[in-house]
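Beneath this line is the structure, given in structure tokens, with notes to follow.
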Amino acid sequence: MKVAVFNTKSYERTRLDKFNIGEGHELIYFDFSINEGLYKLTSGFNAVCITISDKIDKEIISRLLKQNINLIALRSAGFDNVDLGSFEGNSIKVMRVPSYSPQSIAEHAVALILTLNRKIHKAYNRVRENNFSLDKLMGYTLFGKTVGVVGTGKIGIAFCNIMLGFGCKIIAFDIIKSDALLAKGVEYVPFDKLLRLSDIISIHCPLNVHTRHLFNKKSFNELKNGTMLINTSRGAIIETKEAIIALKTGQLGYLGIDVYENEQSLFFKDLSDLIIQDDIIERLMSFNNVLITPHQAFFTEEALDQIAFTTIKNFTDFENGLPSENEVKNELSAITL
Ligand code: NAD
């Protein structure tokens, strides 16, 4: 099968090539996104392979159909960048990599918590300048604190297990309860109760019409003063301008984000010699209790191997007409609260 693989980095190409040995797909790599480069494709491709930075809308779908391309293979778990509504009545399939290393993302969420709480980012910079003072480096003990988890799927469960190890009390909000977590003493509570009781909140639900701006003015007002909010899921689950207000009032004591609602024009790029035009992220970066990482929670050796392996398997299953649990169905995006 001939596949146009968009937005690829060298660390992905080597892995895709490794797992393609014996499978025989013809992989043509592009370092630009499908939105910039679909029109450049010559005919003869059977599939496109994309990342979360590639946006699939009606216009892209109609261009794919004109070129007889029937598969969109995502190299990600999330698929909120694909407008599934625009697929009605046509033959294009969407496949994804639903689980590659939930622990990688959960561990990154914990890294954000520990760094913010114990002020490791400040200490690192200070000590390099021979400032060994402890002034303003005080944190709090995680043992016994209440951690609220929004979304207890694969990543949420991995995150709960780590935080249980720290001796935290875990409360959770999800439309589906995990029996494994219930058995470990995790308590499911309504969303507003989670907001009121948590010292730390970590977001692990997908972005969909029900979770967009779940953290808004109303929810920030419910928080305990000084709550820490961690988001490794999708940026638009937090209404960023309201988070800035909550940081200014102190309602939000710390914010750790690996995702940002307008990340598409910023993340995965080296913009170090440019002037950033996004004033919201610039304001966020000015807070010393905000930590931003550039969508790197998935970025481990193990996760990248698994993404490449499953992506190649998705091509092969599609080519052989095999049913696959990695196919994205429209109803997945319509889960209600
Ligand atoms: P999952 O499908 O296993 O779990 C998602 C959970 O969220 C499910 O239990 C589901 O019931 C719950 N949920 C759905 N809608 C909800 C709602 N309205 N309110 C509360 N809970 C709701 O997914 P996962 O593998 O754990 O991944 C979670 C998210 O993490 C993905 O959707 C993706 O956006 C994000 N992610 C981020 C990175 C990264 O590098 N930062 C990497 C992978 C995934």
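Quick look at the values:
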quantity: Filtered residues of segment 294-320 (kept if in a loop (DSSP other than H, G, I, E, B) and within 11 Å of the ligand (Cβ to nearest atom)); calculated: 294, 295, 296, 297, 298, 299, 300
quantity: Some residue of segment 290-309 being at pLDDT below 95, closer than 27 Å to residue 248 by Cα and surrounded by 15 or more Cβ atoms within 10 Å (Cβ to Cβ); calculated: no
quantity: Residue identified as in contact (Cβ under 8 Å) with a residue 60 or more places away in the chain and of a type outside the set (Asp, Glu) among 53, 43; calculated: 53
quantity: Test: residue in segment 193-212 that is within 25 Å of residue 295 (Cβ to Cβ), touching a Leu at 6+ places or on another chain (Cβ under 7 Å), modelled with pLDDT of 95 or more and near the ligand (Cβ under 9 Å from one of its atoms); calculated: yes
quantity: Pairs with Cβ under 8 Å, 6+ apart, first in segment 204-216 and hydrophobic (A, V, I, L, M, F, W, C), second more than 6 Å from the ligand (Cβ to nearest atom) and part of a loop (DSSP other than H, G, I, E, B); calculated: 205/214; 207/80; 215/239
quantity: Members of segment 213-227 found to be touching a helix residue (DSSP H, G or I) at 6+ places or on another chain (Cβ under 6 Å), away from the ligand (no atom under 16 Å from the Cβ) and open to solvent by less than 20 Å² (accessible area, probe 1.4 Å), listed by number; calculated: 220, 223
quantity: Exclusive hit being within 29 Å of residue 153 (Cβ to Cβ), surrounded by fewer than 19 Cβ atoms within 10 Å (Cβ to Cβ) and modelled with pLDDT of 90 or more, set 72, 92, 52, 56; calculated: 92
quantity: Filter result (within 20 Å of residue 143 (Cα to Cα) and touching a helix residue (DSSP H, G or I) at 6+ places or on another chain (Cβ under 7 Å)) within segment 190-200; calculated: 195, 196, 200
quantity: Odd one out for residue 92 among (1) in contact with a helix residue (DSSP H, G or I) (Cβ under 9 Å, 6 or more places away or on another chain); (2) outside the structural domain of residue 307 (by TED's automatic domain parsing); calculated: (2)
quantity: Among residues of segment 199-251, those that are at positive phi and more than 16 Å from the chain's Cα centre (by Cα), counted; calculated: 2
quantity: Residue match in segment 133-150 (condition: within 24 Å of residue 238 (Cβ to Cβ), touching a residue at least 40 places away in the same chain (Cβ under 8 Å) and among the basic types (Lys, Arg)); calculated: yes
quantity: Residue 127 being in the same structural domain as residue 240 (by TED's automatic domain parsing) and within 15 Å of the ligand (Cβ to nearest atom); calculated: no
quantity: Filter result (touching a Leu at 6+ places or on another chain (Cβ under 9 Å) and surrounded by fewer than 16 Cβ atoms within 10 Å (Cβ to Cβ)) within segment 124-145; calculated: 139
quantity: Looking only at segment 233-245, and only at residues there that are part of a loop (DSSP other than H, G, I, E, B) and touching a strand residue (DSSP E or B) at 6+ places or on another chain (Cβ under 7 Å), the one that is farthest from the ligand (Cβ to nearest atom); calculated: 239
quantity: Filtered residue count, segment 246-275, keeping only those that are loosely packed, with under 15 Cβ neighbours inside 10 Å, at pLDDT 95 or above and assigned to a helix (DSSP H, G or I); calculated: 2
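Yes or no, residue by residue, for (1) over 30 Å from residue 235 (Cβ atoms); (2) modelled with pLDDT of 90 or more:
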residue: 18; (1), (2): yes, yes
residue: 35; (1), (2): no, yes
residue: 38; (1), (2): no, no
residue: 43; (1), (2): yes, no
residue: 61; (1), (2): no, yes
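A quick yes/no check of all residues on (1) more than 20 Å from residue 202 (Cα to Cα); (2) not assigned by TED's automatic domain parsing to the domain that holds residue 208:
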position	(1), (2)
247	no, no
265	yes, no
272	yes, no
277	yes, no
307	yes, yes
317	yes, yes
321	yes, yes
325	yes, yes
328	yes, yes
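The values are calculated or read from the model by the stated rules, or taken from the named source; none is laboratory data. Only a predicted model underlies this, so the values are computations on that prediction, with no experimental measurement involved. Please note: Cβ atoms are built from the backbone with ideal geometry, for glycine as well, and neighbour counts cover all protein chains shown. Calculation scope for accessible area: heavy atoms of the full protein, side chains included, ligands and nucleic acids excluded. Shrake-Rupley method; radii C 1.70, N 1.55, O 1.52, S 1.80 Å.
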